[in-house]
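A short write-up of the structure that comes next.
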Amino acid sequence: MKKLINDPNQVVTEMLEGIVSAYPESMKRVEGTTCIVRKDAPVKDKVALVSGGGSGHEPAHAGFVGQGMLDAAVAGEVFTSPTPDQVLEGIKAVDGGEGVLLVIKNYTGDVMNFEMAAELAEAEGINVEKVVVNDDVAVEDSSFTTGRRGVAGTVFVHKLAGAKAEAGGSLLEVKEVAEKVIANVRSMGVALSPCIMPTSGEPGFELAEDEVEMGVGIHGEPGIEKKKLVTANEIAKELTEKVLPELELDRSVEVAVMVNGMGATPEMELYVVNRKIQAILSEKGVQVHETFIGEYMTSLEMAGCSLTVLKLDDELKELLDSRSKAPAFRK
Amino acid sequence: MELDVRQTVDWMVKANEKVQEQKDYLSQLDRAIGDGDHGINMARGFQEIANTLPNEEFEEVSDVLKKTATIVMSKVGGASGPLYGTAFLKMSMESKGSNVDGETFEKMVGAAVEGLKQRGKAKEGEKTMIDVWSPVLDVLKEVSEINGEKIREAAHTAMEATKDMVATKGRAAYLKERSKDHLDPGSVSSYYLFEALAETLEKG
């Protein structure tokens, strides 16, 4: 294992210290916790947004803390959801009296820990609502599975619900926006190589030199199939073909597109993939309001990318365009 | 036979020894069908339990289990933290104010199984730790005492049986048929817990 770390057991703590010292103007650490909150938290009379999850997805989640987006991000160990007591600390640190919305990615551990935190917060008299993001079209949604995973589409939920909260929306209004985004956002990823877990030094999964994993999750969990490496155009085509039919797009519709790098893929390759995605959208007459290219929801140094498409209406467009001071999503 | 405070502490300390010894094995099992951190997470939590429990005073078994639940919830994370935390908390609540004889222990494990089902939204046969806890409960219902040997046997057989199951809950559910031929990591760590109980009871 060749990594820029001091002690595998201190990676998360030292990372959090590093983030806060990079952006002291927008965020601060809640002492003795793994929570990073807005500099001015708690903001009185504003609904607060709390998200989080395992570490290793940087800039998610702390990078999205700031005015116009998240009030708190709670970090867990690498690829491990934060514990209920830590999430509770985050909730308490940002509650400004108008309630707190928890944004949870649909992973068993995240859902359970955040649910327990919500129960604990309610016992302390804090008004808490929660939404579960499940944008990944790679794994089917049925009563036999845990349902679809929450991946990069979560970033749009943070942005648009955060904008609604900043504009003075009530807890239920902010939750409604989050649910509207969830209903209209779909993603799918592909992995070209696995990532190495800092604690074990081992690759998270096996992938041959000439293979890709289609529909990969943000921890390297499998999705649809392992297949031989194909061209960027073919990957772009396959991702687009899986994501678009879910959104019922027609010529009257505008979308936001995110081509997200998984950690080890250069922007050059993301642009090559984006070229084909945009060509397909244009062929179908879908209007692209804005495109986001870069790393938003990564998986340590896994190579690969994901495509996220958000179907917009006037309300969502306005919320997407509004101001954000979060370091990883400035608008 | 009754389970007393000292034995409960010994039980948890022994469970930690097993988890530390098998840390890499648990992570390997998890890498095959999950995300590979089960060993690391369990080792972090149980090490803290073993460091804490022997240095504290407890009035009754319920208190030991409550402390255990708190540490598990705040140190383990992932799905295992809430699940094991819930199991220990339910056992603690069920035993509050009573001596732990066979009948009470059966009720405690029963409450833990209910708690696991509720928290994990899972049931028997879905290749989760419930597939070890539930057969252990069945054995406790058959015998009126806390019989270490029978508990270990039931847990072991149940753990082995998870190999042939197709996962429909948890991270492994994404693999569906590909999850077959692998032991469920949560079932294996649950087996270690019951094996540690059996060894503690043998020691007396």
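The values are calculated or read from the model by the stated rules, or taken from the named source; none is laboratory data. Bear in mind the structure is a predicted one, so any value in this text is a computation, not a measurement. Don't worry about glycine lacking a Cβ; one is built from the backbone with ideal geometry, like all the others, and counts go over all protein chains shown. Side chains included, ligands, DNA and RNA excluded: accessible areas come from the protein's heavy atoms. Shrake-Rupley method; radii C 1.70, N 1.55, O 1.52, S 1.80 Å.
Could you list, in their original order, any pairs among A:Lys28/B:Lys121; A:Lys130/A:Lys237; A:Lys159/B:Lys127; A:Lys226/B:Lys123; B:Lys66/B:Lys121 whose Cα atoms are separated by more than 26 Å?
Pairs exceeding 26 Å: A:Lys28/B:Lys121; A:Lys130/A:Lys237; A:Lys159/B:Lys127; A:Lys226/B:Lys123.
Excluding residues fewer than 8 places away in the same chain, name every one of the aspartates and glutamates whose C-alpha is closer than 12 Å to that of B:Lys141.
Leaving aside aspartates and glutamates fewer than 8 places away in the same chain, those within reach of B:Lys141 are B:Glu103, B:Glu106.
Averaged over its residues, how many other protein chain Cβ atoms are within 10 Å of peptide B:37-45's Cβ atoms?
Average per residue, whole number: 4.
If B:Glu94, B:Glu142 are ordered by their accessible area, calculated over protein heavy atoms with a 1.4 Å probe, which sequence runs from highest to lowest?
In descending accessible area the options line up as B:Glu142, B:Glu94.
Could you work out the relative contact order of chain A? I mean the mean sequence separation of Cα pairs under 8 Å and 6+ apart, divided by the number of residues, in percent.
Value for chain A: 18 percent.
For region A:185-321, what relative contact order do you get, as a whole percent, if you take Cα pairs closer than 8 Å and at least 6 residues apart?
Rounded, it is 34 percent for region A:185-321.
Give the interface area between chains A and B as buried accessible surface, both sides summed, probe 1.4 Å, in Å² to the nearest 100.
The buried area between A and B, both sides summed, comes to about 2500 Å².
How much of the accessible area of region A:185-321, probe 1.4 Å, is carbon plus sulfur, in whole percent?
48 percent
What accessible area, in Å² to the nearest ten, does a 1.4 Å probe give for A:Arg148?
Number for this one is 40 Å².
With +1 on each Lys and Arg Cβ and -1 on each Asp and Glu Cβ, how big is the dipole of region A:265-306 about its Cα centre, in debye rounded to the nearest 20?
I would put it at about 240 debye.
Counting only protein heavy atoms, what percent of the accessible surface of chain B is carbon or sulfur at a 1.4 Å probe?
With neighbouring chains kept in place, the figure for chain B is 45 percent.
In region B:5-202, with Lys and Arg counted as +1 and Asp and Glu as -1 at Cβ, which of these residues, B:Gly110, B:Thr200, B:Asn41, has the Cα nearest the positive end of the dipole, that is, farthest along it?
Value: B:Asn41.
For A:Ile277, B:Ile40, give the ranking by accessible area with the largest first, probe 1.4 Å.
B:Ile40, A:Ile277
Taking Cα pairs under 8 Å and at least six residues apart, what relative contact order does chain B come out at, in percent?
Relative contact order for chain B comes out at 23 percent.
For an R0 of 51 angstrom, estimate the FRET efficiency from the Cβ-Cβ distance between B:Glu202 and B:Ser74 and round to the nearest 0.05.
It comes out at approximately 0.95.
Would you please state which residues of region B:143-164 a label at B:Ser98 would reach in this model, taking the label point 7 Å out along Cα→Cβ and a backbone N cut-off of under 18 Å?
Answer for region B:143-164: B:143-147.
Under the 0.36 nm per residue contour assumption, what length would be gained going from the current alpha-carbon distance of A:Ser322 and A:Ser282 to full extension?
Full extension of this stretch gives 11.8 nm more.
If packing is taken as the average count of other Cβ atoms within 10 Å, what order do A:204-214, B:164-174 fall into, highest mean first?
B:164-174, A:204-214
Quote the charge dipole size of chain A about the Cα centre in Debye, to the nearest 20; the model charges only the Cβ of Lys and Arg (+1) and of Asp and Glu (-1).
Computed about the Cα centre, the dipole is about 700 debye.
Any chance you could list the semi-axes, whole Å, largest first, of the equivalent ellipsoid that the Cα gyration tensor gives for region B:121-204, using √(5λ)?
Over the Cα atoms of region B:121-204, the semi-axes work out to 26, 12, 9 Å.
At 7 Å along the Cα-to-beta-carbon direction for both A:Asn9 and A:Ser21, put a label point, then send me their distance in nm to one decimal.
Those two pseudo-labels are separated by 2.2 nm.
Let's test the formula: R0 of 30 Å, r as the Cβ-Cβ distance of B:Tyr25 and B:Lys141. What FRET efficiency results, to the nearest 0.05?
0.45
Peptide A:196-204: average number of partner chain Cβ atoms within 10 Å per residue?
Across A:196-204, the average partner-chain Cβ count within 10 Å equals 4.
Using only the alpha-carbon atoms of chain B, report the extent along each of the three principal axes, biggest first, to the nearest angstrom.
Largest to smallest, the principal-axis extents are 47, 35, 29 Å.
Between B:Glu17 and A:Ala232, what is the label-point separation in nm under the 7 Å Cα-to-beta-carbon projection?
If labels sit at A:Ala232 and B:Glu17, their model points lie 5.8 nm apart.
A drop of at least 50 square angstrom in accessible area, chain alone versus all protein chains together, probe 1.4 Å. Which residues of region A:82-119 meet that?
Flagged in region A:82-119: A:Thr83, A:Met112, A:Met116.
Per the Kirkwood definition applied to all pairs of different Cα atoms, how many angstroms is the hydrodynamic radius of the protein assembly as shown?
For the protein assembly as shown, the Kirkwood estimate is 23.8 Å.
How large is the helix-only mean residue ellipticity at 222 nm for the protein assembly as shown, computed as the sum of -39500 (n - 2.57) over DSSP H runs with n ≥ 4, divided by its residue count, in deg cm²/dmol to the nearest 500?
Result for the protein assembly as shown: -14500 deg cm²/dmol, rounded to the nearest 500.
Across the residues of B:162-174, average count of Cβ atoms on other protein chains within 10 Å?
4
Straight-line reach from B:Lys18: which lysines fall under 17 Å, measuring Cα to Cα and dropping same-chain residues less than 8 apart?
Leaving aside lysines fewer than 8 places away in the same chain, those within reach of B:Lys18 are B:Lys203.
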